[in-house]
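For reference, the structure is listed below as structure tokens.
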Amino acid sequence: MNNERIVIAPFEYTQDGNKTNMFKVILVKYLYHWPLFVLGVALALIGAFIYTQYIDPTYTITAKLLISDDKKESSVDKMMQKMDVFESSKVIDNESEILQSRTLLARVINDLNLYSTYSKPGKFRDVDIYDNTPVQLRLLNQTSDHFNTSFTIRINNANEFTLVNKDENDKTFKFSDGIKNSFGSWRLEKTANFNKYIGKEIHIATRDTEQVVNSYVNKIKSSRLNKLASVIELSLQDNVLQRGRDILLHTVAAYNDQSVKEKKRSAENALLFINSRLKDVSGELSSVEKSFEGFRSQKGLTDVSSEAKLYLENVKSNDTQLSEINVQLDVINGIERYVRSSLSVNSAPATIGISDPGLSALVRQLMDLQAQRDKLLATTPEKNPIFEPVNRQIASTKASILNNISGIKSSLSASKRQLLANSNRFESSIKNIPGQERQFINIKRQQTNKENLYVYLLQKREEAALSYASTINDSRLIDYTYVKSSSKKIIYIIAFMLGIFVPLGIIYCRDSLNDRVNTRTDISSKTTVPILGELVYHEGKHPLVIGKHNQSNFEISEQFRVLRTNLHFIHATRQRGRVTLLTSSIANEGKSFVTSNLGVTLAVSGRKTIILELDLRKPKIHENFKLNPYHKGLSDYIEGTATINEIIQPSNYNDNLFVITAGTATFNPSELLEQQQVDMLLDDLRGIFDDILLDTPPINIVTDAMVLSRVSDVTLYVIRQGLTKAWELEMTEKLFKQHQIPKMNIVFNGVRKDKYSYAENHNYARYGYTQEVQEYTAAVAIKSILKRF
């Protein structure tokens with residue numbers, strides 16, 4: 001038998017790596033379900049709209065802060081730095097952390113009373129009225145650290161309000177009254193917006209300050225925009241624009257206030273240290289001056305020699321440096337005692353004369369950490385875990401300070417030893433000077449040393465006083481902006497994407513789980529049986545689509561004509577007595593429909609055709625042609641109760657088309673079809689008709705088609721899109737390879753190209769048909785679309 005594959009161009013679809021066709025296949029498959037996408041997007045957007053009505057808008061507020069940088073100071077700043085009273089280098093990263101510190105934020109929250117929120121009933125949700133509240137809750141006496149509560153008030157008039165209680169009776173109070181409850185005593189103070197809310201209800205909620213700090217500490221972000229500029233950007237997201245602005249502005253103000261207080265505290269400590277030293281040096285200087293005057297009066301000396309003057313000048317310079325070294329060592333020792341002792345009971349050390357900016361910064365950091373710890377101790381037990389990070393930072397800072405002090409003391413000690421060595425050398429040279437002059441020089445030296453130290457301390461005191469009086473902020477606000485967050489827009493975008501991707505996922509999962517034959521690719525991937533043709537899905541109720549009364553079915557009519565032409569190629573040179581067997585895998589695949597219309601197609605071309613209704617169990621051919629089901633048929637002929645002329649009936653559809661029905665019902669159709677009379681009948685019909693079509697039962701269910709394959713020339717195996725299971729094709733492939741049925745070819749029936757993503761779509765509608773037919777086709781297409789809803 002010739003089993004070569006017949007390639008029919010209008011129907012054969014091959015991918016061959018054609019990415020354009022693959023894209024078209026996928027696009028068409030999903031576009032068929034466009035009502036599902038429209039419904040999905042609509043539901044998602046409606047859900048997004050409802051959701052956005054229940055959420056507050058989000059604003060992003062930013063502020064840019066210029067921090068004073070020692071490397072980029074003005075001339076006034078440089079002059080102040082030269083005073084060297086409490087010099088410290090601003091580290092921008094440290095300042096950024098201070099701006100985000102809990103201590104600073106807690107102060108802002110208390111200043112703005114952010115532990116209380118105010119809202120009014122809205123259409124979908126309560127609306128926050130921070131910037132428009134008619135009252136402010138003021139705590140008069142807090143008796144509990146935890147005061148999470150909420151309540152509703154109704155403003156009756158200018159003097160009274162009612163505390164609404166759902167469980168108990170409502171209580172009325174005056175605005176001047178102090179009210180006591182579980183967390184303490186409080187009262188409500190009226191604001192400028194009070195008159196707008198008379199007769200309305202306001203919901204007030206209070207939270208622990210610590211909880212409010214925790215909620216905002218993660219919202220405030222601080223970052224350095226440019227490594228070359230000392231600018232910090234503060235950003236905050238809040239549902240109320242004015243509240244976000246107030247928090248940022250108060251944070252900057254609190255930071256500047258804290259910085260100024262820190263500078264003044266350092267200046268005060270320096271002044272205390274200088275005044276203490278001045279008192280001691282002043283007494284020593286007075287004693288030396290008295291000794292000097294007494295010696296001059298007693299010995300009558302008025303001047304010294306040039307050699308003695310040179311000695312005094314050298315000693316004066318050496319002693320001045322030695323005094324400065326001693327002052328710095330005293331300061332270093334004071335800082336070391338401060339670090340090693342309990343910081344809570346000692347005042348902050350002075351850093352006068354210390355030129356190391358790192359040490360000054362570390363001391364300042366330690367003071368800030370200790371202040372933070374002392375503030376926590378005022379409200380929190382020391383064993384609370386919240387102290388752990390602060391204690392670790394204090395210990396780390398202490399270690400850094402002690403390490404820094406060790407290096408500085410080593411350097412200062414080395415300098416002191418050198419100066420003392422110089423002093424000893426000068427002492428030895430004075431022996432060459434006469435005795436009285438030598439005594440005079442020693443006294444003069446002590447006087448000069450004390451005078452220089454006294455003048456030095458006076459100078460530093462004036463500088464410290466000037467610094468204390470002229471303390472300015474280390475930062476200033478240079479920019480302030482806000483932008484409304486596009487959270488709603490993002491929600492709508494996400495909803496739209498969900499409306500698209502959820503249907504996509506549903507369709508994909510359904511297709512992945514679908515084990516039915518949907519495309520030609522599904523067929524060709526499972527079997528090598530040639531596909532002779534395709535037939536589009538027929539939605540009409542009438543089973544016959546060929547003929548003058550069915551011009552509206554032009555596409556499927558043309559496809560049957562192509563199938564007729566392809567059938568001629570299969571039968572090759574044989575022009576008369578051609579026997580074609582039609583079968584399928586399972587029921588309802590359209591086998592009888594294809595047989596009936598193929599018979600009509602052959603008949604209208606002038607070929608004398610007969611259809612044999614050999615599906616004796618479920619005959620359908622007589623219904624398609626509206627013939628009498630009780631007319632004598634095949635079973636009667638085989639059993640010998642009817643002749644060939646008695647069983648042949650005209651189709652009443654075309655003069656060239658005839659039908660032999662199943663006849664009387666029988667209980668053993670397979671055995672009946674194995675009788676010799678079937679072969680004799682086919683031999684007689686071959687001599688009368690050009691084409692003989694055998695409508696047989698599904699081959700995977702019963703063996704009738706296999707039995708009748710002995711008398712057929714060609715087999716048309718009908719597969720229906722969306723109905724035939726993919727695994728059924730394994731049986732088809734087995735029959736084909738084992739040559740159990742002659743010249744098997746597949747007819748792909750019930751094809752919906754828009755539903756199952758066909759890239760090939762031959763338009764038979766616009767060629768050779770009237771406008772009325774095309775309008776009818778458009779109406780059918782619209783009806784098909786509406787059915788999908």
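The values are calculated or read from the model by the stated rules, or taken from the named source; none is laboratory data. Since the structure is predicted, the reported quantities are computational estimates derived from the model, not experimental observations. Every residue, glycine among them, receives a Cβ derived from its backbone with ideal geometry; neighbour counts consider all protein chains shown. Please note that ligands, DNA and RNA were not included when accessible areas were found on the heavy atoms of the full protein model with its side chains. Shrake-Rupley method; radii C 1.70, N 1.55, O 1.52, S 1.80 Å.
Among the candidates S305, S286, S259, single out the residue that is modelled with pLDDT of 75 or more and more than 30 Å from S96 (Cβ to Cβ). Spell out how you get there, then give the answer.
Values: S305 fails: modelled with pLDDT of 75 or more; S259 fails: more than 30 Å from S96 (Cβ to Cβ).
Exactly one of S305, S286, S259 is modelled with pLDDT of 75 or more and more than 30 Å from S96 (Cβ to Cβ), namely S286.
Give me the pairs, please: first residue somewhere in region 520-538 and among the polar types (S, T, N, Q), second residue anywhere and surrounded by 20 or more Cβ atoms within 10 Å (Cβ to Cβ), beta-carbon distance under 6 Å, and either six or more positions apart or on two chains.
What qualifies is T527/L729; T527/T732.
Scan region 232-241 and tell me whether some residue there is touching a helix residue (DSSP H, G or I) at 6+ places or on another chain (Cβ under 7 Å) and surrounded by fewer than 17 Cβ atoms within 10 Å (Cβ to Cβ).
Step one: list which residues in region 232-241 are touching a helix residue (DSSP H, G or I) at 6+ places or on another chain (Cβ under 7 Å), which gives 232, 234, 236, 238, 240.
Subsequent filtering for residues that are surrounded by fewer than 17 Cβ atoms within 10 Å (Cβ to Cβ) retains none.
No; the residues of region 232-241 include none that is touching a helix residue (DSSP H, G or I) at 6+ places or on another chain (Cβ under 7 Å) and surrounded by fewer than 17 Cβ atoms within 10 Å (Cβ to Cβ).
Filtering region 146-157 down to residues that are modelled with pLDDT of 85 or more and part of a loop (DSSP other than H, G, I, E, B), which residue is nearest to the chain's Cα centre (by Cα)?
So the residue we want is N156.
Here is a list of conditions, (1) among the aliphatic types (A, V, I, L, M); (2) in a strand (DSSP E or B); (3) surrounded by fewer than 22 Cβ atoms within 10 Å (Cβ to Cβ), and V659 meets all of them except one; can you say which number that is?
(3)
For residues that are under 30 Å from K64 (Cβ atoms) and among the polar types (S, T, N, Q), scanning just region 195-222, find the one that is nearest to the chain's Cα centre (by Cα). Working first, answer last.
Step one: of region 195-222, the residues under 30 Å from K64 (Cβ atoms) are 209-222.
So of that shortlist, the ones also among the polar types (S, T, N, Q) come out as 209, 211, 214-215, 218, 222.
Details: T209: 31, Q211: 26, N214: 23, S215: 21, N218: 18, S222: 22 Å.
Out of the qualifying residues, it is N218.
So the check is Cβ under 8 Å with 6+ separation or different chains; which pairs have a first residue in region 446-459 that's on the phi < 0 side of the Ramachandran plot and a second one that's of a type in the set (S, T, Y) and open to solvent by 50 Å² or more (accessible area, probe 1.4 Å)?
Once the first residue is on the phi < 0 side of the Ramachandran plot and sits in region 446-459, its partners that are of a type in the set (S, T, Y) and open to solvent by 50 Å² or more (accessible area, probe 1.4 Å) give Q446/S291.
For V529, work out the one condition from (1) modelled with pLDDT of 90 or more; (2) closer than 25 Å to V600 by Cβ; (3) buried (at least 21 other Cβ atoms within 10 Å of the Cβ) it doesn't fulfil.
(2)
Does E646 satisfy the condition of being outside any strand (DSSP E or B), of a type in the set (D, E) and over 20 Å from D691 (Cα atoms)?
Values: outside any strand (DSSP E or B): yes; of a type in the set (D, E): yes; over 20 Å from D691 (Cα atoms): no.
No: the conditions fail for E646.
What are the residues in region 672-693 that are of a type outside the set (A, V, I, L, M, F, W, C), out of contact with any Asp or Glu (no Cβ under 9 Å at 6 or more places or on another chain) and open to solvent by 10 Å² or more (accessible area, probe 1.4 Å), if any?
Taking region 672-693 as the starting set, the residues that turn out to be of a type outside the set (A, V, I, L, M, F, W, C) are 674-677, 679, 683-684, 686-687, 690-691.
If we keep only those that are out of contact with any Asp or Glu (no Cβ under 9 Å at 6 or more places or on another chain) too, we end up with 674, 676, 679, 683-684, 686-687, 690-691.
E674, Q676, D679, D683, D684, R686, G687, D690, listed by residue number.
Given the conditions (1) crowded, with 20+ Cβ neighbours inside 10 Å; (2) under 55 Å from the mean Cα position of the chain (by Cα); (3) modelled with pLDDT under 75, which single one is not true for V315?
If we test V315 against (1) crowded, with 20+ Cβ neighbours inside 10 Å; (2) under 55 Å from the mean Cα position of the chain (by Cα); (3) modelled with pLDDT under 75, just (2) comes out false.
Give region 694-728 a look and list any residue that's surrounded by 24 or more Cβ atoms within 10 Å (Cβ to Cβ) and either farther than 21 Å from I644 by Cβ or free of Cβ contacts under 8 Å to residues at least 60 places away in the same chain (or both), or say none.
Listed by number, the residues that qualify are P697, I699, A705, T715, L716, Y717, I719, R720, Q721, T724.
Tally up the residues in region 158-195 that are within 10 Å of P134 (Cβ to Cβ), open to solvent by 80 Å² or more (accessible area, probe 1.4 Å) and assigned to a strand (DSSP E or B), please.
1
Out of the helices (runs of 4 or more DSSP H) lying entirely within region 22-138, which hold 3 or more residues that are modelled with pLDDT of 80 or more?
34-53, 102-112
Which residues, counting only those in region 573-603, are out of contact with any helix residue (DSSP H, G or I) (no Cβ under 9 Å at 6 or more places or on another chain), touching a residue at least 40 places away in the same chain (Cβ under 8 Å) and more than 17 Å from I688 (Cα to Cα)?
A587, N588, E589, G590, K591
Give the residues of region 509-536 that are hydrophobic (A, V, I, L, M, F, W, C) and more than 21 Å from N566 (Cβ to Cβ), sorted by residue number.
Within region 509-536, C509, L513 meet the criteria.
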